[in-house]
């Protein structure tokens, strides 16, 4: 393997160690509360620098200084944001972009304008991007509209009889998104056995000992519509190259 990619792997590993192993949850909570004056913020930044030095060596001290300072700024800004999964993802993407940028600077791995142009005008890029996006929120809306009639009926029943186990807010939507992306990938890779195993596992988890027939049928319809969309997109992606050949 190219030494530059080993370096990149090491610096990413250093980030994961400092952020997810050495950093305690109590430090994060203290930082969210005290922000700029939190001593744990500076302790975390110090650990980030030391971990990076151990991984790639002091010879790259200028790059490590850039990584450390950017880590400080990103984490400080995050402490002013409302804690959420979205905030966490943005924070980690920002850290990763800094690491990749530093790697590009150290090893001069900047892509040429011609490469970027070819990537931007690639039909595969846009087709795959459109397919992935379709399987997220647009498909969620389609599934919601397809099961709207039964969701209203289910809502009426749950209002009449209070039920503490109605489920987490929007959890079904995100479960469906992950489910469709996973099934589409497996079908595209011809891993139909894995799809069957996944469906079986979901069926077991969805089993309700109280035998709520209406709710079970509603979930089954939603699952089938969601799977149909995922299968259709995967098959379409597999057939598209034939149309352009």
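The values are calculated or read from the model by the stated rules, or taken from the named source; none is laboratory data. Predicted model only: the values in this text are computed from it and were never measured. Note: ideal-geometry Cβ built from the backbone for every residue, glycine included; neighbour counts use all protein chains shown.
Observations, loosely collected:
- Every residue from region 112-143 that is surrounded by 15 or more Cβ atoms within 10 Å (Cβ to Cβ) and free of Cβ contacts under 8 Å to residues at least 24 places away in the same chain: none
- In region 198-215 there is at least one residue that is buried (at least 17 other Cβ atoms within 10 Å of the Cβ), modelled with pLDDT under 85 and assigned to a helix (DSSP H, G or I).
- Residue count, region 91-111 (criterion: surrounded by fewer than 15 Cβ atoms within 10 Å (Cβ to Cβ), touching a residue at least 12 places away in the same chain (Cβ under 8 Å) and in a helix (DSSP H, G or I)): 4
- Verdict on residue 53 being touching a helix residue (DSSP H, G or I) at 6+ places or on another chain (Cβ under 7 Å) and surrounded by fewer than 17 Cβ atoms within 10 Å (Cβ to Cβ): yes
- Region 216-230, subset at pLDDT 90 or above and crowded, with 17+ Cβ neighbours inside 10 Å, residue farthest from the chain's Cα centre (by Cα): 225
- Selection status of residue 44, within 30 Å of residue 171 (Cα to Cα), at pLDDT 95 or above and either crowded, with 17+ Cβ neighbours inside 10 Å or not assigned by TED's automatic domain parsing to the domain that holds residue 106 (or both): no
- Region 144-170, residues that are in a loop (DSSP other than H, G, I, E, B), at pLDDT below 65 and either exposed (fewer than 10 other Cβ atoms within 10 Å of the Cβ) or touching a helix residue (DSSP H, G or I) at 6+ places or on another chain (Cβ under 9 Å) (or both): 161, 162, 163, 164, 165, 166, 168, 169
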